[in-house]
């Protein structure tokens, strides 16, 4: 199965974007950084820009506080695992406190001399060539343990944000189970009120993919055929898929 996800508001869009960027940065290893430095620094700078342009930290704190209230209510149910509730509550409270006190770490990474000196070049298409960045080339050729320590230090300063995003998205994704849906003409629409995220599963061997439009009030899913010489085409055949409305 192939899993497609589509956010229904800007807050969840930023969370999903950051989740993917953190994954890209963490997949880069110091031993291979000479080949991976563009992926690593593009992901790191995109994380910093997203955090700077949007109040992600404030939104995360609000989401964690909402989760805390929900868990306190759920703890009154006789069928709830008390240990799981307690562990999650402790994790949520800890993350919220860390985020509220994370300004110094955020400022430290913004003021890092190496990052400041190379960031502007990465914003230019093709501008991160090493002949334009001798300081970066020098850093890339330091001993592996030195490079690895620095890479770990940068990401560690953003660890509270990454952990909070992972926890919030985990609870959002678990809000709904997948349901099987069949359409006659490759098109499906429904009421989106109260929804944050659509998750669509398709068999890997089908020759179409979903495109989603809409917002938290109403959304539509239209299936498309892969591009050929005529460009993209709507899929007008019957389609089957699984949908979780979170």
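The values are calculated or read from the model by the stated rules, or taken from the named source; none is laboratory data. A quick note: this is a predicted structure, and the numbers were derived from the prediction, not measured. Counting neighbours? That spans all protein chains shown, and the Cβs are built from the backbone with ideal geometry, glycine included.
Yes or no, residue by residue, for (1) free of Cβ contacts under 8 Å to residues at least 24 places away in the same chain; (2) farther than 20 Å from residue 27 by Cβ; (3) more than 22 Å from the chain's Cα centre (by Cα):
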site: 132; (1), (2), (3): yes, yes, yes
site: 140; (1), (2), (3): no, no, yes
site: 152; (1), (2), (3): yes, no, no
site: 190; (1), (2), (3): no, yes, yes
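In this structure, residue 168 qualifies as in contact (Cβ under 8 Å) with a residue 12 or more places away in the chain and out of contact with any strand residue (DSSP E or B) (no Cβ under 9 Å at 6 or more places or on another chain). Checked against (1) farther than 28 Å from residue 54 by Cβ; (2) at pLDDT 90 or above; (3) crowded, with 17+ Cβ neighbours inside 10 Å; (4) not assigned by TED's automatic domain parsing to the domain that holds residue 45, residue 208 passes all but a single condition, namely (2).
Return the residues of segment 1-40 that are assigned to a helix (DSSP H, G or I), more than 13 Å from the chain's Cα centre (by Cα) and either modelled with pLDDT of 95 or more or over 20 Å from residue 119 (Cα atoms) (or both); say none if nothing qualifies. 31, 32 - these are the residues of segment 1-40 that are assigned to a helix (DSSP H, G or I), more than 13 Å from the chain's Cα centre (by Cα) and either modelled with pLDDT of 95 or more or over 20 Å from residue 119 (Cα atoms) (or both).
Those helices (runs of 4 or more DSSP H) of segment 106-185 in which 3 or more residues are under 21 Å from residue 50 (Cα atoms) and touching a helix residue (DSSP H, G or I) at 6+ places or on another chain (Cβ under 7 Å) occupy 113-122, 144-156, 159-173.
Comparison of 69, 57, 17 shows that the only residue that is free of Cβ contacts under 8 Å to residues at least 12 places away in the same chain and either under 25 Å from residue 216 (Cα atoms) or surrounded by fewer than 13 Cβ atoms within 10 Å (Cβ to Cβ) (or both) is 69. Where residues in segment 213-238 are buried (at least 17 other Cβ atoms within 10 Å of the Cβ) and either outside the structural domain of residue 184 (by TED's automatic domain parsing) or at pLDDT 90 or above (or both), which of them is farthest from residue 182 (Cα to Cα)? Per the criteria, the residue is 219. On the given criteria, is residue 156 under 27 Å from residue 91 (Cα atoms), assigned by TED's automatic domain parsing to the domain that holds residue 20, within 19 Å of the chain's Cα centre (by Cα) and loosely packed, with under 14 Cβ neighbours inside 10 Å? For residue 156, the condition - under 27 Å from residue 91 (Cα atoms), assigned by TED's automatic domain parsing to the domain that holds residue 20, within 19 Å of the chain's Cα centre (by Cα) and loosely packed, with under 14 Cβ neighbours inside 10 Å - is met.
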